[in-house]
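The values are calculated or read from the model by the stated rules, or taken from the named source; none is laboratory data. These figures come from a predicted structure and were not determined experimentally. Every residue, glycine among them, receives a Cβ derived from its backbone with ideal geometry; neighbour counts consider all protein chains shown. For accessibility, only protein heavy atoms count, side chains too; no ligands or nucleic acids. Shrake-Rupley method; radii C 1.70, N 1.55, O 1.52, S 1.80 Å.
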Amino acid sequence: TGKIPTELFGTNLGGLRILYLNDNQLTGTIPSNYGSSPRLKDLWLSDNLLTGTLPIISEGEFLFLEELLINNNDITGVVDESVCLVRNNTIPGGQLGVFHADCQPPPNGGQPQIQCSCCTACFV
């Protein structure tokens, strides 16, 4: 429980490759420096109570990221193009092949929580 510490990202843990924080009742927003872990491959933040928007990433970040799961949270807004540019099907592209978010419209109609043009799986 609690907020995601910003210290988990960046050069503090430069060798970090896998970070599974899913299903921990985490609250607050995703730290703005979440893209600064140089070797991170998997970032699972699904099934928490996270809010706000998905922060943009800077050029050169998430070079090795293969999986990003943010579904089943209270994150809203539009996924920035900076995140889509690290997908493995873009040019120049990156390694991101699995990107889950709450981008499925609710069954009773209305807008999805997240607008995403590059998610690989959408949830309600």
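Restricting to the stretch 94-119, count the residues that are in contact (Cβ under 8 Å) with a residue 24 or more places away in the chain and polar (S, T, N, Q).
Of the residues in that region, 4 qualify.
Give the residues of the stretch 70-87 that are under 16 Å from Pro31 (Cα atoms) and assigned to a loop (DSSP other than H, G, I, E, B), sorted by residue number.
Listed by number, the residues that qualify are Ile70, Asn73, Thr76, Val79, Asp80.
Determine which member of the set Ile57, Ile30, Ile70 is in contact with a helix residue (DSSP H, G or I) (Cβ under 6 Å, 6 or more places away or on another chain), β-branched (Val, Ile, Thr) and closer than 20 Å to Ile114 by Cβ.
Of the residues listed, the single one that is in contact with a helix residue (DSSP H, G or I) (Cβ under 6 Å, 6 or more places away or on another chain), β-branched (Val, Ile, Thr) and closer than 20 Å to Ile114 by Cβ is Ile57.
Every residue in the stretch 92-121 that is more than 17 Å from Ile57 (Cβ to Cβ) and among the aliphatic types (A, V, I, L, M), please.
Listed by number, the list holds a single entry, Ala121.
When the stretch 58-102 is examined, which residues are found to be aromatic (Phe, Trp, Tyr) and either in contact with a Leu (Cβ under 6 Å, 6 or more places away or on another chain) or open to solvent by less than 70 Å² (accessible area, probe 1.4 Å) (or both)?
Within the stretch 58-102, Phe62, Phe99 meet the criteria.
Return yes or no: is Tyr34 farther than 15 Å from Ile56 by Cα, of a type in the set (Ser, Thr, Tyr) and modelled with pLDDT of 95 or more?
So Tyr34 fails the test.
Quick check, is Leu40 in contact with an Asp or Glu (Cβ under 7 Å, 6 or more places away or on another chain) and either of a type in the set (A, V, I, L, M, F, W, C) or in contact (Cβ under 8 Å) with a residue 60 or more places away in the chain (or both)?
It is false that Leu40 is in contact with an Asp or Glu (Cβ under 7 Å, 6 or more places away or on another chain) and either of a type in the set (A, V, I, L, M, F, W, C) or in contact (Cβ under 8 Å) with a residue 60 or more places away in the chain (or both).
Specify the residue that is farthest from Ser82 (Cα to Cα); the eligible residues are those in the stretch 19-50 that are of a type in the set (S, T, N, Q) and within 12 Å of the chain's Cα centre (by Cα).
Asn22
Can you tell me which of Ile70, Ile57, Ile91, Ile4 is without any contact (Cβ under 8 Å) to a residue 24 or more places away in the chain and of a type in the set (A, V, I, L, M)?
Ile91
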